[in-house]
Amino acid sequence: MATGRAAVSASPLEMRAVRAVRSAAPAAVTALGVFAAVRGGGALVLALGAWWAGRDPLRVLGRSWDSDWYVRIAAHGYGRTLMWPDAATGTGPVQSDLAFFPLYPLLIRLVSAVLPGGAVPAALLIAWVGAAVAAVGIYRVGERVNGPRAGLLLVGLWAALPHAVVLSLAYTEALLAAFAAWALYAVLRERWLWAAGLAVLAGLTRPTALAVAAAVSGMALHAVVVRRSRAPGVWPAVLLAPAGWAAYVLAVGVQVGDPLGGYFAVQRGWGSRFDFGAGALRSAQRVLTGGHVPLATTVTVVLLAAAGLLAVLLVLDRTPLPLLVYTAVLLVITFGGAGFFESKPRFLLPAFPLLLPVAAVMARARPRTAVMVTAVVAGLGYGYGLYLLLVARVPL
């Protein structure tokens with residue numbers, strides 16, 4: 001006799017998909033927990049430090065340095081400029097908000113139109129969600145390359161970096177890291193259209209997102225030419241991945257009257273140009289010869305040297321080619337660019353593959369050792385983050 005409830009059968013493919021989701025969920029939750037523990041502690045320390053210094057924690061988190069530009073663009077649109085006149089000539093460089101890519105301000109405007117509180121809480125919410133999404137994507141990449149334990153340690157190390165304080169601010173590094181991590185994961189799994197779409201979004205977020213486009217387009221082209229791949233979406237990925245970055249650069253160029261060079265002229269107004277590392281070498285020379293430099297400059301030299309060493313280890317570890325291409329382009333942009341020397345470690349914050357060799361070594365250590373190392377690095381990062389935001393006078 002029938003019970004009145006029809007039996008529901010599932011195909012083997014559907015059952016495998018269900019099991020995959022169930023097994024993936026705990027890992028994603030654990031990765032988020034690791035990230036929240038490390039970065040949540042940093043945000044708390046930063047808020048308490050700001051309060052103790054007599055400053056509004058919300059303003060420190062949401063209106064420091066570049067954050068203020070993004071919030072103003074979201075509220076009023078593009079068109080703001082600042083000129084720094086020379087005392088003798090009365091003229092000087094003009095800093096235009098056209099240097100800032102449009103996706104983050106657009107998201108701030110959309111979220112602030114729905115949620116109460118204005119642009120600053122919206123900007124922080126987007127950055128924090130982006131950082132959480134990035135953490136899960138970074139875990140997925142680390143898990144695929146070196147296993148689940150190394151993936152979790154990769155997330156913990158990334159969240160504990162000296163400049164990871166930026167992940168708690170209204171900045172775009174968290175958003176770029178999210179798009180980059182998931183785009184690279186899609187490339188590793190040969191999901192070309194997903195990778196291209198994420199590369200387009202990354203290209204609308206920051207100028208350094210050119211590294212994501214290079215990795216996606218380069219690996220798609222490699223798949224077509226070398227491996228003779230006919231995977232769905234591989235040819236569109238070659239062409240589409242740089243579209244977001246190129247569209248904004250061209251749009252700014254058209255607006256200032258120089259389609260190909262206009263955006264780079266805007267960047268030069270900020271003192272940013274590509275000098276093949278000459279400026280970075282001069283800063284390093286001042287530190288190494290004992291010149292009087294701020295603490296942030298000295299720390300930057302140390303962190304850039306560490307990044308170079310980690311890049312060598314990354315190559316020796318036979319890291320998958322997409323991660324090498326992405327990291328190499330970020331390193332070239334960061335080391336070769338002039339201006340804002342103390343900001344270079346922040347520019348490298350999305351270069352999470354650099355931490356893969358360290359995470360792999362820590363994964364072979366005792367759990368207590370790995371946790372203690374992560375905690376020590378996080379504690380040092382908390383202190384340095386307070387210094388950067390509340391003491392240092394150099395742009396973050």
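The values are calculated or read from the model by the stated rules, or taken from the named source; none is laboratory data. Predicted, not measured: the structure shown is a model, and the values here were computed from it. Here the Cβ is made from the backbone with ideal geometry for all residues, glycine too, and neighbour counts use every protein chain on show.
Odds and ends about this structure:
- Candidate set: region 260-298, residues that are under 24 Å from the mean Cα position of the chain (by Cα) and of a type in the set (K, R); chosen: the one nearest to S343 (Cα to Cα): R273
- Any hit, region 212-233, residues being under 25 Å from S343 (Cα atoms), in a helix (DSSP H, G or I), under 12 Å from the mean Cα position of the chain (by Cα) and in contact (Cβ under 8 Å) with a residue 12 or more places away in the chain: yes
- Any chance A132 is within 23 Å of P105 (Cβ to Cβ), surrounded by fewer than 24 Cβ atoms within 10 Å (Cβ to Cβ), in contact (Cβ under 8 Å) with a residue 24 or more places away in the chain and of a type in the set (A, V, I, L, M): yes
- The number of residues in region 345-384 being free of Cβ contacts under 8 Å to residues at least 12 places away in the same chain, closer than 22 Å to T319 by Cα and among the β-branched types (V, I, T) comes to 1.
- Residues located in region 75-91, provided they are of a type in the set (G, A, S), surrounded by 10 or more Cβ atoms within 10 Å (Cβ to Cβ) and either modelled with pLDDT under 95 or touching a helix residue (DSSP H, G or I) at 6+ places or on another chain (Cβ under 8 Å) (or both): A75, G79
- Test: residue in region 373-383 that is crowded, with 21+ Cβ neighbours inside 10 Å and in contact with a Lys or Arg (Cβ under 8 Å, 6 or more places away or on another chain): no
- Any hit, region 104-115, residues being free of Cβ contacts under 8 Å to residues at least 60 places away in the same chain, assigned to a loop (DSSP other than H, G, I, E, B) and either at negative phi or more than 13 Å from the chain's Cα centre (by Cα) (or both): yes
Residue by residue, here is whether (1) touching a Lys or Arg at 6+ places or on another chain (Cβ under 7 Å); (2) acidic (D, E) holds:
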position: A305; (1), (2): no, no
position: L313; (1), (2): no, no
position: T334; (1), (2): yes, no
position: E342; (1), (2): no, yes
position: R346; (1), (2): no, no
position: L349; (1), (2): no, no
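- The listed residues are A113, A119, and the only one of them that is more than 27 Å from A246 (Cα to Cα) and out of contact with any helix residue (DSSP H, G or I) (no Cβ under 6 Å at 6 or more places or on another chain) turns out to be A113.
- So A199, is it among the small types (G, A, S), closer than 15 Å to L348 by Cα and in contact with a Pro (Cβ under 8 Å, 6 or more places away or on another chain): no
- Scope region 135-184; condition more than 22 Å from Y70 (Cβ to Cβ) and not in a helix (DSSP H, G or I); matching residues: G147, P162
- Selection from region 187-198 of residues that are surrounded by fewer than 24 Cβ atoms within 10 Å (Cβ to Cβ), assigned to a helix (DSSP H, G or I) and either of a type in the set (A, V, I, L, M) or at positive phi (or both): L188, L193
- Criterion (touching a Leu at 6+ places or on another chain (Cβ under 6 Å), of a type outside the set (K, R) and modelled with pLDDT of 95 or more) met by exactly one of L316, L310: L310
- Here the helices (runs of 4 or more DSSP H) wholly within region 283-365 that include at least 1 residues being in contact with a strand residue (DSSP E or B) (Cβ under 6 Å, 6 or more places away or on another chain) are 321-336.
- Unique residue being out of contact with any Pro (no Cβ under 8 Å at 6 or more places or on another chain) and either under 25 Å from L198 (Cβ atoms) or free of Cβ contacts under 8 Å to residues at least 24 places away in the same chain (or both) when the list is D97, D56: D56
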